[in-house]
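Chemist: Quick one: the structure is below, and I'll ask about it shortly.
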Amino acid sequence: MVEKRSMPFQASTPFNAAQAERHLWLPYSQMHTAPAPMAVASAQGSLITLQDGRQLVDGVASWWTASHGSSHPHITKALAEQALAMPHIMMGGLVHTQAQRLAARLAALAPGDLNRVFLCDSGSVAMEAAVKMALQYHINRSDGDTQKRRHKVLFFEGAYHGDTMGMMALCDPTEGMHHLFSNMLQQQVMAPLPVDQASLERLEAILDNQGHDIAAMVVEPLVQGAGGMVFHHPEVLRHLRRLCDSHGVLLIADEVFTGFGRTGTFFACEQAAIVPDIMALSKALTGGAIGLGAALARDSVFEGFLGDDPEKALMHGPTFMGNPLACAAANASLDLFEDQPRLEQARAVGAAMAQQLERCRSLENVRDVRTLGAIGVVELNETWLARTSTDKLRQAFIAEGVWLRPFRNVIALTPAFTIGDEELRTLTNAVWNVLSGGAP
Ligand SMILES: *Cc1c(COP(=O)(O)O)cnc(C)c1O
């Protein structure tokens, strides 16, 4: 306590980095052994400038969010103007034009009649809201008959949907990051993604047996992101849509990662020409400037909450939902999609990565090279990876002047769609240099 009280908290006291290092707790990091995190002074476009003056090309786009590059002036200007007008106002009973505009624009961009937009503050919470919508939709329809209530959620092997308690139960328990907690979580139904005839039959059998109990099926369309950047064919999503329809299950598309052009179309679901019943958005929603999430529902889902009974209202409401700053940033990001050839840029970045990463395929330590939209993936041979570590690889990339954060057995390149040709070359050359140079 004495030490704490003597801590210099006054604004006038010089910042002491060594002292400050004792207080932050970083995500997914063994704080005892992880390399000290690097302090960032600024991030502009695809360049991260560190406090010590070094510059790194950003190959991650700030955890897949900064599609227009970091600190885009159109977005930061919108943030500044909104900050002066009104940084926040509660949404319980009040609204504001930034949220109204954003909801209307998202509804217009989303496939089919996904017309109702529930705003929240992150991807996990957007998914929590989506699942709660599905559960309560079935409760509302059951009209008190508990027999008719469906209380399970079906998710897929390899899935990742967030870190909250509810979402941990929908992440692959052995593959995912949450296996430690598996016996404390709500038991849900895990099924294989129907990528071939055998897995399709297994999924059909699960639905035949338990479909009457299942309120919703959750899927990351086209790409299982945090699960290792595993791609599947759009046909898989058409199977899911058909099976959900025949079993009365709501289909929830988790487009938290794939939304806003990352797979080459505005939403991944478009490539399968399907309309999910509920869609969750977050990551790139504000162009990476500030946290925001959204759950979009089809008209038929929304209508399931209407009636004279107050208990039928959606029982969800995060304090900072629909934050005006975040909505202003999201509107500004959508302006950029309207005014700039962003989707063409995303596809061009993907095509360039496919070409430039191709040579890595010949390396013994590489198991696969694949690209989809503006996602470039180099999958590593696990026996080789066991001789080094993702931390060591990350350090080697820093020495090459790039910011890449290998996870599981993949190096994923998810740069801004606006990355320059030179910067992209620096990134892909770094991957080649590190992987062809032997285990770091
Ligand atoms: C990142 C992610 C989430 C969780 O979003 P947070 O904002 O980190 O809570 C959920 N689903 C998918 C597919 C994601 O990639």
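The values are calculated or read from the model by the stated rules, or taken from the named source; none is laboratory data. Predicted model only: the values in this text are computed from it and were never measured. Positions of Cβ are backbone-derived with ideal geometry, glycine not excepted, and every protein chain shown enters the neighbour counts.
Chemist: Taking Arg370 and the conditions (1) free of Cβ contacts under 8 Å to residues at least 24 places away in the same chain; (2) of a type in the set (Lys, Arg); (3) under 15 Å from Val223 (Cα atoms), which numbered condition does it fall short on, given that it satisfies the others?
Modeler: So Arg370 meets the others, but not (1).
Chemist: Restricting attention to the stretch 399-439, which residues are within 17 Å of Tyr28 (Cβ to Cβ) and among the aliphatic types (A, V, I, L, M)?
Modeler: Leu404, Val410, Ile411, Ala412
Chemist: Something else now. Can Met279 be described as modelled with pLDDT of 95 or more and within 16 Å of the ligand (Cβ to nearest atom)?
Modeler: Values: modelled with pLDDT of 95 or more: yes; within 16 Å of the ligand (Cβ to nearest atom): yes.
So Met279 fits the description; yes.
Chemist: Moving on to the next point. Checking the structure you have, find out if any residue of the stretch 274-295 is basic (Lys, Arg) and either under 25 Å from Asn140 (Cα atoms) or without any contact (Cβ under 8 Å) to a residue 24 or more places away in the chain (or both).
Modeler: Taking the stretch 274-295 and keeping what is basic (Lys, Arg), we get 283.
Filter again for either under 25 Å from Asn140 (Cα atoms) or without any contact (Cβ under 8 Å) to a residue 24 or more places away in the chain (or both), leaving none.
Looking for residues that are basic (Lys, Arg) and either under 25 Å from Asn140 (Cα atoms) or without any contact (Cβ under 8 Å) to a residue 24 or more places away in the chain (or both), one finds none in the stretch 274-295, hence no.
Chemist: Restricting the first residue to the stretch 118-137 and requiring it to be touching a residue at least 40 places away in the same chain (Cβ under 8 Å), which pairs with a second residue that is within 9 Å of the ligand (Cβ to nearest atom) and of a type in the set (A, V, I, L, M) meet a Cβ separation below 6 Å and a spacing of at least six or different chains?
Modeler: Once the first residue is touching a residue at least 40 places away in the same chain (Cβ under 8 Å) and sits in the stretch 118-137, its partners that are within 9 Å of the ligand (Cβ to nearest atom) and of a type in the set (A, V, I, L, M) give Cys120/Ala126; Gly123/Val256; Ser124/Met167; Ala126/Ala280; Met127/Met167; Met127/Ala280; Ala130/Ala280.
Chemist: Can you tell me which residue is nearest to Leu251 (Cα to Cα) among those in the stretch 136-167 that are more than 16 Å from the ligand (Cβ to nearest atom) and β-branched (Val, Ile, Thr)?
Modeler: Ile139
Chemist: Test each condition in (1) outside any helix (DSSP H, G or I); (2) under 25 Å from Leu207 (Cα atoms); (3) in contact with a Pro (Cβ under 7 Å, 6 or more places away or on another chain) for Pro276 and report the one that comes out false.
Modeler: (3)
Chemist: Run Asp113 past the list (1) away from the ligand (no atom under 16 Å from the Cβ); (2) within 15 Å of Cys327 (Cβ to Cβ); (3) acidic (Asp, Glu) and report the number of the one that doesn't hold.
Modeler: Tallying (1) away from the ligand (no atom under 16 Å from the Cβ); (2) within 15 Å of Cys327 (Cβ to Cβ); (3) acidic (Asp, Glu), Asp113 fails exactly one: (2).
Chemist: When you scan the stretch 174-189, do you find a residue that is crowded, with 17+ Cβ neighbours inside 10 Å, more than 20 Å from the chain's Cα centre (by Cα) and either in the same structural domain as Asp299 (by the TED database) or at pLDDT below 95 (or both), even just one?
Modeler: yes
Chemist: When the stretch 178-206 is examined, which residues are found to be closer than 18 Å to Ala253 by Cα and not β-branched (Val, Ile, Thr)? First the steps, then the outcome.
Modeler: Step one: list which residues in the stretch 178-206 are closer than 18 Å to Ala253 by Cα, which gives 188-195, 203.
Scanning the stretch 178-206 gives Gln188, Met190, Ala191, Pro192, Leu193, Pro194, Leu203.
Chemist: Something else: What's the total number of residues in the stretch 40-79 that are among the small types (Gly, Ala, Ser) and either touching a helix residue (DSSP H, G or I) at 6+ places or on another chain (Cβ under 7 Å) or in a strand (DSSP E or B) (or both)? So that I can check it myself, show each step before the final result.
Modeler: Step one: of the stretch 40-79, the residues among the small types (Gly, Ala, Ser) are 41-43, 45-46, 53, 59, 61-62, 66-67, 69-71, 78.
Within this subset, residues satisfying the condition of being either touching a helix residue (DSSP H, G or I) at 6+ places or on another chain (Cβ under 7 Å) or in a strand (DSSP E or B) (or both) are 41-43, 45-46, 59, 67, 70, 78.
Result for the stretch 40-79: 9.
Chemist: Here is a follow-up. Name the one entry in Arg242, Arg202 that is of a type in the set (Lys, Arg), away from the ligand (no atom under 16 Å from the Cβ) and over 30 Å from Val369 (Cβ atoms). Quick ask: steps written out before the conclusion?
Modeler: Numbers: Arg202 fails: over 30 Å from Val369 (Cβ atoms).
One residue alone meets the criteria, Arg242.
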